[in-house]
Amino acid sequence: MYRSFEEMPVWKKAMDLAQQIFALTEGLPKKEDYGLTSQIRRSALSVSGNLAEGFGRHHTKDKMNFYYASRGSLTETKSHLIYAQRVGYLKRDDHRLALKLIDDIWKELNALIRSLRNKTYPQP
């Protein structure tokens, strides 16, 4: 059992993702500062933020809701990355590591949610 959200491996990976997204978006056109750049940075940071908030909740259902929100932010971030590559803002290889990290976080989040769901709704 973790004493703090900072001890959660999935939270650590989510923070790594937010840092990677920040670095990747440094080179986006200035015209995107209030559009794509802002949106993708907020969605990436929301992954770790929702994990932290869920960790702080007492009730399992509350925790699950925030972990679901984290997963939603993760898929939003992935969509923005794909868009940035498709419109030519990022080269295909530039965001490959971030996409791999997104897939890793996705798997860990699903395992976390599944363990809580099994605790809340045990199978007969």
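Applying 1/(1 + (r/R0)^6) with r as the Cβ-Cβ distance of Lys12 and Glu32 and R0 = 35 angstrom yields a FRET efficiency of 0.80. Under a Gaussian network description of the chain, with springs only between Cα atoms under 10 Å, the residue in Arg71, Arg41, Arg86 that fluctuates furthest is Arg86.
Applying 1/(1 + (r/R0)^6) with r as the Cβ-Cβ distance of Leu97 and His59 and R0 = 35 angstrom yields a FRET efficiency of 0.45. Taking all protein chains into account, the per residue accessible area for segment 1-105 stands at 59 Å² (1.4 Å probe). Once both labels are positioned 7 Å from their Cα atoms along Cα-to-Cβ, the gap between Tyr2 and Gln39 label points is 2.9 nm. When the alpha carbon gyration tensor of the chain is reduced to an equivalent ellipsoid, the three semi-axes, largest first, read 30, 13, 12 Å. Which residue, Glu76, Glu26, Glu108, has the most motion in a Gaussian network model of the chain that connects Cα atoms within less than 10 Å? Of Glu76, Glu26, Glu108, the most mobile in the Gaussian network model is Glu26. To the nearest 10, the accessible area of Arg117 is 90 Å² with a 1.4 Å probe. With r as the distance between the Cβ atoms of Tyr83 and Asp104 and R0 = 25 Å, compute the FRET efficiency 1/(1 + (r/R0)^6) and round to 0.05. That gives a FRET efficiency of 0.75. What a 1.4 Å probe finds exposed on the chain is 53% carbon and sulfur by accessible area, rounded to a whole percent.
In the context of the full protein assembly, Asp16 retains an accessible surface of approximately 70 Å², using a probe radius of 1.4 Å and ignoring ligands and nucleic acids.
The values are calculated or read from the model by the stated rules, or taken from the named source; none is laboratory data. Values in this document were obtained by computation on a predicted structure and should not be read as measured data. Using ideal geometry, Cβ is built from the backbone for each residue, glycine included, and neighbour counts are taken over all protein chains shown. Side chains included, ligands, DNA and RNA excluded: accessible areas come from the protein's heavy atoms. Shrake-Rupley method; radii C 1.70, N 1.55, O 1.52, S 1.80 Å.
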